[in-house]
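The values are calculated or read from the model by the stated rules, or taken from the named source; none is laboratory data. It should be emphasised that the depicted structure is a prediction, and the values quoted were computed from it without experimental measurement. Using ideal geometry, Cβ is built from the backbone for each residue, glycine included, and neighbour counts are taken over all protein chains shown.
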Amino acid sequence: MAAHLGRLARGAATLGLVAVIALGGPTAASAGPPSDRVAPGATLVTLSGGPSLASTHSSRDGAVIARVRELVNALGVYRPATVCPDDLTVPYVLAFYRAPGDAPYARVSFQLGGCPKATVSQGARVVAPPLGGPHLLTTFTLIRRLIDRPIPTR
């Protein structure tokens with residue numbers, strides 16, 4: 001009887017793993033630690049899109065880039081409490097570049113209408129579950145201000 005239960009447990013575990021792989025569902029292992037969402041190494045950060053930006057805003061200030069990266073990596077996982085209405089606005093896109101002229105190595109798409117959330121991607125691969133929480137809009141506003149007005153140096 002114990003051997004039979006052991007085979008059933010192994011079979012269920014295998015099926016669960018196959019389901020996660022087949023469906024592409026996020027797992028704790030694939031989400032990675034928050035510090036890995038946007039890796040260090042950027043020399044340029046840009047903010048574009050959204051309903052209120054007429055042009056791309058950018059910063060090459062190392063302190064600004066580090067703070068923006070820190071703010072994104074500190075965002076909590078998005079867990080909507082209700083069904084979200086459609087958000088038809090253009091998202092804001094924050095892009096991190098290792099060098100001007102390169103393709104961005106990380107992007108953060110901020111969807112601020114409906115149920116606000118942010119999605120982090122590296123290339124075409126989403127690297128974290130959607131991010132959000134009660135401080136998302138405040139965090140986005142701070143990021144926008146940092147890029148528009150660099151941190152003063154002493």
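Of the residues making up the stretch 76-127, just one is closer than 17 Å to residue 39 by Cβ and touching a helix residue (DSSP H, G or I) at 6+ places or on another chain (Cβ under 6 Å), namely 108. Against the conditions (1) under 14 Å from the mean Cα position of the chain (by Cα); (2) part of a helix (DSSP H, G or I); (3) without any contact (Cβ under 8 Å) to a residue 60 or more places away in the chain, residue 141 satisfies every one except (1).
Considered as a group, the residues in the stretch 120-135 that are of a type in the set (A, V, I, L, M) and either in a loop (DSSP other than H, G, I, E, B) or buried (at least 20 other Cβ atoms within 10 Å of the Cβ) (or both) include one that is modelled with the lowest pLDDT, and that residue is 128.
Just need a number here: residues in the stretch 101-119 that are assigned to a loop (DSSP other than H, G, I, E, B) and among the small types (Gly, Ala, Ser). Residues in the stretch 101-119 being assigned to a loop (DSSP other than H, G, I, E, B) and among the small types (Gly, Ala, Ser): 4 in total. Taken over the stretch 64-100, the criterion of being under 17 Å from residue 113 (Cβ atoms), in a loop (DSSP other than H, G, I, E, B) and over 11 Å from the mean Cα position of the chain (by Cα) is satisfied by 80, 81, 82, 83, 84, 85, 86, 87, 88, 89, 90, 91.
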